[in-house]
1. Among Lys50, Lys32, Lys62, which is assigned to a helix (DSSP H, G or I) and not hydroxyl-bearing (Ser, Thr, Tyr)?
2. Provide a single number: the residues in segment 5-26 that are assigned to a helix (DSSP H, G or I) and of a type in the set (S, T, N, Q).
3. Any residue at all in segment 17-32 that's surrounded by 10 or more Cβ atoms within 10 Å (Cβ to Cβ), at pLDDT 90 or above and among the aliphatic types (A, V, I, L, M)?
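The values are calculated or read from the model by the stated rules, or taken from the named source; none is laboratory data. This one's a predicted model, so the numbers in the text were calculated from it and none came from an experiment. Quick reminder, even Gly has a Cβ in these numbers, built from the backbone with ideal geometry, and neighbours come from all protein chains shown.
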Amino acid sequence: MPGSHGSLTKAGKVRGQTPPVDRTGVNSKNKKIPRVRNRENYKKRIVKLKYSGQANSMGAQKHNRKVQVRH
């Protein structure tokens, strides 16, 4: 590759200078690791036949209509 877009000695300069900011709001809690989250979603969706997302969302309403037809 001809040339370079800046020297590698400057890589990460801005991120290194930026002070860390505390997480707030939605991002303040630590997220569960994907394996655990997927296992919980499987239990909700497959075992309990519930919607694993937000309770009153459009997806939940659609899911509830499908479940009523099945039973």
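1. Lys62
2. 2
3. Looking for residues that are surrounded by 10 or more Cβ atoms within 10 Å (Cβ to Cβ), at pLDDT 90 or above and among the aliphatic types (A, V, I, L, M), one finds none in segment 17-32, hence no.
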